[in-house]
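A short write-up of the structure that comes next.
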Amino acid sequence: MPGSIVGGVVFAWIALAGPQSPSPAAPTSPGDPWDGRWSISETTREGQRVLVRRNATAASLAGDPRFPERVRIVVPLPRGADYTAADDVNRIETLLIDALERDRRALEVLVLTTDAKREFVFYTADATRAVRVVAELNQKAAPYELKGEAERDEQWQLFASFTP
């Protein structure tokens, strides 16, 4: 579909259905949020089409008091979602997962893609640490710039707003 965010991105996301590597300290089960099942959908927000990848198994932790803070990491896509190399943004996602989910201190729950940006959403026990880690990853993410911001979201409202 020319001119849409769905074009070359969906196939990359299907292949990326779960790059998470669970912590070696804890075995995973079929319903383990860190080894999540992901769904893909499309919606419209603020007049823009958004491709949504959602960690369906993360719902089991929604509102968990151990993860009261949300961290959003935005990666501007300078050439647009259809024209930005999927390998590049997949590499960035893997960097984020490896750094933030270490010791299960955070969990990736959403990946939102528009024509201009890809946004990774994690819930965490320590947002200050998570934002610092994101800033430290900027050099490894080059030429893309990671912009991390944290907000308290004890009820996981952003995650819930993308419930199918």
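The values are calculated or read from the model by the stated rules, or taken from the named source; none is laboratory data. None of the values given here were measured: they were computed from a predicted structure. Note that we place each Cβ from the backbone using ideal geometry, even for glycine, and neighbour counts take in every protein chain shown.
Residues that are β-branched (V, I, T), in contact with a Pro (Cβ under 9 Å, 6 or more places away or on another chain) and surrounded by 16 or more Cβ atoms within 10 Å (Cβ to Cβ) do occur in the range 91-113.
For the residues F159, F120, the requirement of being hydrophobic (A, V, I, L, M, F, W, C), in a helix (DSSP H, G or I) and either out of contact with any Pro (no Cβ under 8 Å at 6 or more places or on another chain) or surrounded by 13 or more Cβ atoms within 10 Å (Cβ to Cβ) (or both) singles out F159.
Just one of (1) farther than 22 Å from R152 by Cβ; (2) free of Cβ contacts under 8 Å to residues at least 40 places away in the same chain; (3) surrounded by fewer than 20 Cβ atoms within 10 Å (Cβ to Cβ) fails for R129. It is (1).
Annotation: of all residues in the range 132-150 being under 15 Å from the mean Cα position of the chain (by Cα) and not in a helix (DSSP H, G or I), the one that is surrounded by the fewest Cβ atoms within 10 Å (Cβ to Cβ) is E149. Among the conditions (1) modelled with pLDDT under 95; (2) within 18 Å of L158 (Cβ to Cβ), V111 misses just one, which is (1). Selection within the range 29-86: residues that are part of a strand (DSSP E or B) and acidic (D, E). The member of this set that is surrounded by the fewest Cβ atoms within 10 Å (Cβ to Cβ) is E42.
Among the residues of the range 102-109, at least one is within 11 Å of the chain's Cα centre (by Cα), part of a strand (DSSP E or B) and charged (D, E, K, R).
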